[in-house]
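Peer 1: One structure coming up, written as structure tokens, with questions to follow.
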Amino acid sequence: MTGFGRAEQTIGKNAFLVEIKSLNGKQLELSLKMPSLLRPYEFDIRNMLSEHLLRGSVDCSITLKQNGAAKPVVINSELAKAYYQSLAELANDLNLDTGSILSSLLKLPEVVVPSTEVLEEEDWRGFREILLNAIQHINAHRVNEGDVLEKDLTLRIDNIRTLQKEVIALEPLRQQKIREGLKKLLEDNVGKDNFDSNRLEQEMIYYIEKIDISEEQVRLKNHCDYFQALLQEKGEAKGKKLSFILQEIGREINTTGAKAYDATIQKCVVLMKDELEKAKEQVLNVL
């Protein structure tokens, strides 16, 4: 969602400069600065920005140059004359120099006020094109960023897949080690011939079923498949869906770790969590 767009064009006697900066954010947070000339169209400008930019912390600055002035204003001549007459009389009474009256006059209330001029409908249509041009530039930046993000997210999920294959390969060995460990524990504590081997086998089956991780691996694979398929789909506003899928991937990884009771599998789980956290950080940048 990071990007910068800029467009500048003269329409009639007005020269407009539009600059848009976007940073990452879960929602659309729009900051808009504009000249009073465009105030009647503020709602339309905000709608255009929200429609095309969707998410992120967006800062849009619109600058107007009119007849060489960055901010066109109007001088209230009649009020200024009234102020001047009173100030000049006061200066004469106090024997003060009247040469600096003008600078003080311009600072008095209501003497210099913003222009109340309103942009014509035809000029507004021209300004829309300037705004759209700036939006296109920032979205072009976002597309370039998106290509990099896609490669990185794909790499993270591929790394999780590779680690999952190691976990699946270790699963039969884990079950065998658990069987042998429980059997040795009984032999050391109650003696080799002092327990029912059939009952032991039943208890082992029940225990191993409780810590079986095959279902978690199936769901983990399905979530990874769905994540990468969604990543390849055309369209916008996929960031929240991708974030939700990563939450589900994390759930299966955590459950695998909780059931593992195996140091090598736990190591794989830690590495998968590391890749997952990197993916979560990156997916916040996706619309």
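The values are calculated or read from the model by the stated rules, or taken from the named source; none is laboratory data. Given the structure is predicted, the values throughout are model-derived calculations rather than measurements. Positions of Cβ are backbone-derived with ideal geometry, glycine not excepted, and every protein chain shown enters the neighbour counts.
Peer 1: Within segment 257-276, identify whether any single residue is in the same structural domain as residue 152 (by TED's automatic domain parsing), within 21 Å of residue 24 (Cα to Cα) and crowded, with 17+ Cβ neighbours inside 10 Å, and answer yes or no. Break it down into steps so the answer makes sense when it comes.
Peer 2: Within segment 257-276, the first condition is being in the same structural domain as residue 152 (by TED's automatic domain parsing), and the residues that meet it are 257-276.
Narrowing the set further to residues that are within 21 Å of residue 24 (Cα to Cα) leaves 275-276.
Right, trim to crowded, with 17+ Cβ neighbours inside 10 Å and you get 275-276.
Scanning segment 257-276, I find at least one residue that is in the same structural domain as residue 152 (by TED's automatic domain parsing), within 21 Å of residue 24 (Cα to Cα) and crowded, with 17+ Cβ neighbours inside 10 Å, so the answer is yes.
Peer 1: Read through the list (1) modelled with pLDDT of 70 or more; (2) not in a helix (DSSP H, G or I), then give the number of the only condition that residue 159 fails.
Peer 2: (2)
Peer 1: What's the total number of residues in segment 1-57 that are assigned to a strand (DSSP E or B) and without any contact (Cβ under 8 Å) to a residue 12 or more places away in the chain? Reasoning before the result, please.
Peer 2: Taking segment 1-57 and keeping what is assigned to a strand (DSSP E or B), we get 3-11, 14-23, 28-33, 56-57.
Checking which are without any contact (Cβ under 8 Å) to a residue 12 or more places away in the chain leaves us with 10.
Number satisfying all stated conditions: 1.
Peer 1: Is there a residue in segment 68-83 that is of a type outside the set (Lys, Arg) and at pLDDT 80 or above?
Peer 2: Looking only at segment 68-83, we keep the residues that are of a type outside the set (Lys, Arg), and these are 68-70, 72-80, 82-83.
Keeping just the survivors that are at pLDDT 80 or above gives 82.
Yes - at least one qualifying residue is present in segment 68-83.
Peer 1: Just to be sure I understand the filter: pairs with C-beta atoms under 9 Å, separated by 6 or more residues or on different chains, first member in segment 243-269 and touching a residue at least 24 places away in the same chain (Cβ under 8 Å), second member among the hydroxyl-bearing types (Ser, Thr, Tyr). Which pairs pass?
Peer 2: Note: pairs meeting the criteria are 248/226; 265/256; 268/256; 269/256.
Peer 1: Which of (1) in contact (Cβ under 8 Å) with a residue 24 or more places away in the chain; (2) outside any helix (DSSP H, G or I) does residue 235 not meet, given it meets every other one?
Peer 2: Every condition holds for residue 235 apart from (1).
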